[in-house]
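The values are calculated or read from the model by the stated rules, or taken from the named source; none is laboratory data. Remember, it's a predicted structure, so these values are computed and weren't measured experimentally. Because the Cβ atoms are built from the backbone with ideal geometry, glycine has one as well, and the counts that use them run over all protein chains shown. Side chains included, ligands, DNA and RNA excluded: accessible areas come from the protein's heavy atoms. Shrake-Rupley method; radii C 1.70, N 1.55, O 1.52, S 1.80 Å.
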Amino acid sequence: MKFTSPSLVIQECTKAGGCQDEKAGLVLDSNWRWVHNVGGYQNCFSDKGWNPTFCPDPESCKKNCSLEGVTAKGYKKTYGVREIDDGRGVKLDFMTQGGNVGSRLYVTDGEESYKMFKLLNREFTLDVDVHKLNCGMNGAVYFIEMDKDGGKGKDGNLAGAKFGTGYCDAQCPHEKFETNASRGICCVEMDIWEANKHATAFTPHPCSTVGPQKCMGDIECGYGENGERWMGLCDKDGCDLNTYRMGAKTFYGNGSSFAVDSNEPLTLVTQFITHDGTDEGNLTEIRRLYIQHGKVIANAASRIPNVTGSAITDGFCNAQKKAFGDYDHHQKLGGLVSMGETLKRGMVLSVSIWNDYATHMAWLDASFPPGENASERLGVLRGPCNATLSNPTVLRPKNKNGWVKYYNIRYGEIDSTYSASGSARRLDDIGAVFV
C-alpha cells in the first residue's frame, strides 16, 4: 500500500523578479488518522477514548500503537481532501460519505518537515472560495509556531511531520494524544482567515512561549471559567478584526450588495508591516486587502466610537478592548511586537474546515458571549447568524455538501504577490477606501 500526500505548488514573489513556483505539499493532521495496534488492525482509539488493552498508561500506548498513513484514495474518499488547479490548490469537503467531518492539513517542504514561513515585513496572499460555507461553519487558514519536524523524537514521537504530528495553537488544546486532561500544548497563532460566507476575521494571538510549550492546569493553560482564561500562556481572545463586529455590516457577505461578495471567489492579501520597513523592525501593523473581479478593495474602517482604523495596530487593539469591555490580554503578552518576533522565527501554515460544538461558531458569525445583549454591549454581535441553528447536530444534516477551496498561495515582499486593474465602487456607509 502506497501512502501519498497531496502535492501543492506555491509561489515566492519579489518586486524585481515576480513570482516563482515552489514545490510544497500537504499532510493530514495526526488527530484525524487511524491509530491501531502495532502489527495489527485493532483500534487504539475510538469515540469512547483510548483502548485500555493497548493503552493502560501513556508509555504502554506509545509502544503498542501506531499512526496509519493515508493513501491518495484515502485523502479523497475518507477525508474529502482533493488537489485542484493542477496542484496549485486544495478543496476540503465538510463531510464525506464515510462519516468524516472536517479536516486540518499543514504545508510541507519535504516528506519529513513542515515549511516554515517567515513573514515579518512580508505579505501572504491566497485565493479562497467559501460560498458553500453556511452559518456555523469555518474555513480557516492560519499560522502556528509548531516544530518544523512535528516534534519528532520528543516524548516518544517516532512519526513527526510525515504523519502530521505536533499541533499547537493559542487555545492550548488538549489533543487526542495528550492523555492527561489537565495538560495542553500552547503556541503563538496568527489567524489569516477564519470565515464562512456571512462573516470573517483575522486575528493575532501572541503568547509568552517560543515554539510549542506544554501547559499544566487551568491557570497555565487558561482552561477555567473564573478568569483563568486571561491568566494563561497565550492570548486566547486575540485582537480580532471582524468588519461586521466593527460596525461595517455591509462590507463582507453573501451577495452582490456587499463590497466583498462571498458568493464569488476572492483574493485576500495580508501584510505584516514593520516600523522601519525592514526585516529587523518591530511589527506595527497587520493590513488586509481584498481583490475581486480585478479590483483592489481596502479593508473596511471601524465604525465603533473611539476605535479608528481598518488595520490591526496596537492602538486599534487597545481601543477595541476598551470599547468592548474586554480584558486586554493581547497587550499584556506583548501585542504586535511579540507577534512580529514569532513571524520572524517562522511559522507553519495550516488549512482547515470545521464546525464547533462548544460555541456553535458564535464568536465568528453570531452573538457572543452567550447571554450578553448585543443592544446593550458593543462587540457582542459578530455576524448575522443564529448560533442555535449552528449546533452541529442541526448544521451537519443540512450541509453535507459543504466545502472550501484554497489556491494560488503566494508570499514575498510587500506589494509583490498581487496585481489588479480598474477601480472599485465606493460604498460610503462602509468607510473603506477603494483603490
Query - Count - residues of region 231-273 that are at positive phi and surrounded by fewer than 19 Cβ atoms within 10 Å (Cβ to Cβ) - result: 1
**Report entry** Number of the condition not met by residue 398 [criteria: (1) surrounded by fewer than 19 Cβ atoms within 10 Å (Cβ to Cβ); (2) within 22 Å of residue 313 (Cβ to Cβ); (3) charged (D, E, K, R)]
**Finding:** (2)
Requested in this report: Residue by residue through region 299-312, note down the ones that are open to solvent by 20 Å² or more (accessible area, probe 1.4 Å) and out of contact with any helix residue (DSSP H, G or I) (no Cβ under 8 Å at 6 or more places or on another chain).
Outcome: 301, 303, 310
Query raised in the report: Hey, which of the strands (runs of 3 or more DSSP E) in region 145-227, taking only ones fully inside, have at least 1 residues that are within 22 Å of the chain's Cα centre (by Cα) and farther than 18 Å from residue 105 by Cα?
Result: 183-186, 200-205, 213-216
Query raised in the report: So residue 185 clears everything in (1) over 30 Å from residue 149 (Cβ atoms); (2) open to solvent by 10 Å² or more (accessible area, probe 1.4 Å); (3) among the β-branched types (Val, Ile, Thr) except one condition, right? Which one?
Result: (1)
Query raised in the report: How many residues, within region 377-417, are small (Gly, Ala, Ser) and free of Cβ contacts under 8 Å to residues at least 12 places away in the same chain?
Result: 0
Report summary line: Output for Cβ contacts, cut-off 7 Å, separation at least six or different chains, first residue hydroxyl-bearing (Ser, Thr, Tyr) in region 39-66, second open to solvent by 80 Å² or more (accessible area, probe 1.4 Å), reads 66/38
Requested in this report: Working carefully through the options 277, 325, 315, find the one that is out of contact with any helix residue (DSSP H, G or I) (no Cβ under 9 Å at 6 or more places or on another chain) and within 20 Å of residue 124 (Cβ to Cβ).
Outcome: 277
Query - Counted residues, region 170-182 - those being open to solvent by less than 30 Å² (accessible area, probe 1.4 Å) and in contact (Cβ under 8 Å) with a residue 60 or more places away in the chain - result: 2
Requested in this report: Give region 92-121 a look and list any residue that's under 19 Å from the mean Cα position of the chain (by Cα) and part of a loop (DSSP other than H, G, I, E, B), or say none.
Outcome: 94, 102, 115, 116, 118, 119, 120
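For (1) in contact with a Gly (Cβ under 6 Å, 6 or more places away or on another chain); (2) at pLDDT 95 or above; (3) within 21 Å of residue 253 (Cβ to Cβ), each residue gets a yes or a no:
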| residue | (1), (2), (3) |
| --- | --- |
| 330 | no, yes, no |
| 344 | no, yes, no |
| 352 | no, yes, no |
| 370 | no, no, no |
| 377 | no, yes, no |
| 414 | no, yes, no |
| 428 | no, no, yes |
| 433 | no, no, yes |
**Report entry** Residue satisfying condition, being touching a Leu at 6+ places or on another chain (Cβ under 7 Å) and not charged (D, E, K, R), within set 271, 213
**Finding:** 213
